[in-house]
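Each remark here refers to the structure printed beneath this line.
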Amino acid sequence: MQLNKQELCQLVREDHPDFEQVEEGEWTQDHKYQHCDFIVKHLPTGKFYEFSISRSGSYHTDWYYSYEDEGAELTEVQKVTKTFTREVWQAV
């Protein structure tokens, strides 16, 4: 699903009428940029989508967000449960 700049800005500010934010990831540092992943629910269809944004700047100045330049592609996702098995040595 493709969103334009205005729709993405609404989505990030949580005031887009068709979407509800489900998860916001942690901002991770990558040199002078930070990146964050979001999961949103498309209310008319009940489907879930993921998108990422990046920002530059600092807490002491203004942040400049990637969505201010262009829209974004939302990728449909679904929650799955993964089970991991781990072998360890144990005293007998």
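The values are calculated or read from the model by the stated rules, or taken from the named source; none is laboratory data. These figures come from a predicted structure and were not determined experimentally. No Cβ is skipped: glycine too gets one built from the backbone with ideal geometry, and neighbour counts run over all protein chains shown.
Worth a mention:
- Scan of the range 38-57 for residues that are assigned to a strand (DSSP E or B), modelled with pLDDT of 90 or more and more than 18 Å from Gln2 (Cβ to Cβ), ordered by number: none
- For Asp37, the conditions (1) under 12 Å from the mean Cα position of the chain (by Cα); (2) free of Cβ contacts under 8 Å to residues at least 40 places away in the same chain; (3) surrounded by 16 or more Cβ atoms within 10 Å (Cβ to Cβ) are fulfilled apart from (3).
- Among the residues of the range 71-89, those that are surrounded by 10 or more Cβ atoms within 10 Å (Cβ to Cβ) and either farther than 13 Å from Ser52 by Cβ or not β-branched (Val, Ile, Thr) (or both) comprise Gly71, Ala72, Glu73, Leu74, Glu76.
- When restricted to residues that are loosely packed, with under 10 Cβ neighbours inside 10 Å and at pLDDT 90 or above, the range 18-34 contains 1.
- Qualifying residue in the range 77-89 (condition: more than 18 Å from Met1 (Cα to Cα) and either touching a residue at least 40 places away in the same chain (Cβ under 8 Å) or under 12 Å from the mean Cα position of the chain (by Cα) (or both)): no
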